[in-house]
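The values are calculated or read from the model by the stated rules, or taken from the named source; none is laboratory data. Values in this document were obtained by computation on a predicted structure and should not be read as measured data. Please note: Cβ atoms are built from the backbone with ideal geometry, for glycine as well, and neighbour counts cover all protein chains shown.
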């Protein structure tokens, strides 16, 4: 998958963007507050229907505007070229069309345009909430195994039924029998898919990390959301009274997490902030690599959005991240304040498509 053309209107401070990105590395340079991150945000919105910076649509739409419009012409994994358009309105009347037809859900969009964001200034996965790490995990499983999304939706529906019964105080044996057996079965299947994904991801992650920094004895572990030594039905039975008191289900796949340890201790307590950022970058690079290895049935490679890579990485680490991004053989959009910060960080002979952006206006930079 690659974006051949991108048009953006009404998004933050961007001024009627119309650009033709390269299929490989795209370097977008400009001063602070020029619109670099907003351009990445537009790409993320087009790929997932939401921003990676905020959940508030009003913050995304240009001041005084009522909507933002995005259009892209994309090349699919199978080589077909098709138009993708999106409109996001403050009144909630949203629209997304692919090849002239309305898309029914954002899952279709996510499958079409897998996207990863690398923003070194953001919160690292080690210190993030379990929900953020679970989102990272499920992004990977969603693209790794096509069975995941259907099972995940079933689990969400059954969990909602159980929590509703807990809140209403109507969760007697007959009510539990209407949804708990299904919840236990689906949860076990989700657990298997997540566990298999982590098993496949870990060696790629450790190899990527070793090229960035040496962290002996760092381990990546998967927590399924309930005690490994007990079945979920037993756990639900044992925690029923507490669940009733709280009004929600404490254990289950909705509590899944990824844990990082060094000699059995929480890695976040042992590693510096710089090391934690490199761990997060290595994880996201490994996810793209695994996606590339497991592509089948016309699925797309991962689109990378890399924001201000030079801000917190020294020259050596910049070069290594650039090298790994290039090896993924996918489309990358990377921003920098100055072109010199990254233009020479890529291996010799790398083809770069460079853009200059200032005051929200973007143009091809041939210099």
Worksheet item: Where residues in segment 166-175 are without any contact (Cβ under 8 Å) to a residue 40 or more places away in the chain and assigned to a helix (DSSP H, G or I), which of them is nearest to residue 249 (Cα to Cα)?
Response: 168
Fill in: Check on residue 247, crowded, with 17+ Cβ neighbours inside 10 Å, touching a helix residue (DSSP H, G or I) at 6+ places or on another chain (Cβ under 8 Å) and either in the same structural domain as residue 156 (by TED's automatic domain parsing) or over 30 Å from residue 337 (Cα atoms) (or both)
no
Worksheet item: Which residue out of 310, 345 is in contact with a helix residue (DSSP H, G or I) (Cβ under 8 Å, 6 or more places away or on another chain), free of Cβ contacts under 8 Å to residues at least 40 places away in the same chain and surrounded by fewer than 20 Cβ atoms within 10 Å (Cβ to Cβ)?
Response: 310
Item to complete: Assess whether residue 43 counts as being assigned by TED's automatic domain parsing to the domain that holds residue 309 and modelled with pLDDT of 90 or more.
Response: yes
Item to complete: Test each condition in (1) surrounded by 13 or more Cβ atoms within 10 Å (Cβ to Cβ); (2) closer than 27 Å to residue 168 by Cα for residue 260 and report the one that comes out false.
Response: (2)
Discussion item. Residue 275 - would you say it is outside the structural domain of residue 305 (by TED's automatic domain parsing), out of contact with any strand residue (DSSP E or B) (no Cβ under 6 Å at 6 or more places or on another chain) and surrounded by 14 or more Cβ atoms within 10 Å (Cβ to Cβ)?
Written reply: yes
Discussion item. Being within 20 Å of the chain's Cα centre (by Cα), outside the structural domain of residue 270 (by TED's automatic domain parsing) and touching a residue at least 12 places away in the same chain (Cβ under 8 Å): is that true of residue 86 here?
Written reply: yes
Fill in: Criterion (over 30 Å from residue 226 (Cβ atoms) and within 21 Å of the chain's Cα centre (by Cα)) met by exactly one of 305, 290
305
Discussion item. Being closer than 30 Å to residue 4 by Cα, modelled with pLDDT of 95 or more and outside the structural domain of residue 78 (by TED's automatic domain parsing) is true for just one of 138, 145. Which residue is that?
Written reply: 138
Item to complete: Please specify each residue of segment 77-99 satisfying the condition of being surrounded by fewer than 16 Cβ atoms within 10 Å (Cβ to Cβ) and farther than 18 Å from residue 10 by Cβ.
Response: 77, 78, 79, 80, 81, 82, 83, 99
Worksheet entry | Search result, residues across segment 145-165 that are assigned to a loop (DSSP other than H, G, I, E, B) and touching a helix residue (DSSP H, G or I) at 6+ places or on another chain (Cβ under 6 Å) | 145
Practice prompt. Could you tell me whether any residue of segment 189-204 is farther than 15 Å from residue 253 by Cα, assigned to a helix (DSSP H, G or I), without any contact (Cβ under 8 Å) to a residue 60 or more places away in the chain and touching a strand residue (DSSP E or B) at 6+ places or on another chain (Cβ under 9 Å)?
Written response: yes
Worksheet item: Of all the residues that make up segment 205-226, how many are closer than 27 Å to residue 184 by Cβ and at pLDDT below 95?
Response: 2
Fill in: Total residues in segment 212-234, condition surrounded by 14 or more Cβ atoms within 10 Å (Cβ to Cβ), outside any strand (DSSP E or B) and within 31 Å of the chain's Cα centre (by Cα)
7
Worksheet entry | Among (1) within 15 Å of the chain's Cα centre (by Cα); (2) in a strand (DSSP E or B); (3) in the same structural domain as residue 133 (by TED's automatic domain parsing) - the single one residue 282 does not satisfy | (2)
Discussion item. Just the residues that are assigned to a strand (DSSP E or B) and within 21 Å of residue 105 (Cα to Cα), please, taken from segment 3-51.
Written reply: 3
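Each row is one residue, and each column tells you yes or no for (1) on the phi > 0 side of the Ramachandran plot; (2) in a strand (DSSP E or B).
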position: 53; (1), (2): no, no
position: 64; (1), (2): yes, no
position: 69; (1), (2): no, yes
position: 93; (1), (2): no, no
position: 97; (1), (2): no, yes
position: 128; (1), (2): no, no
position: 134; (1), (2): no, no
position: 143; (1), (2): no, no
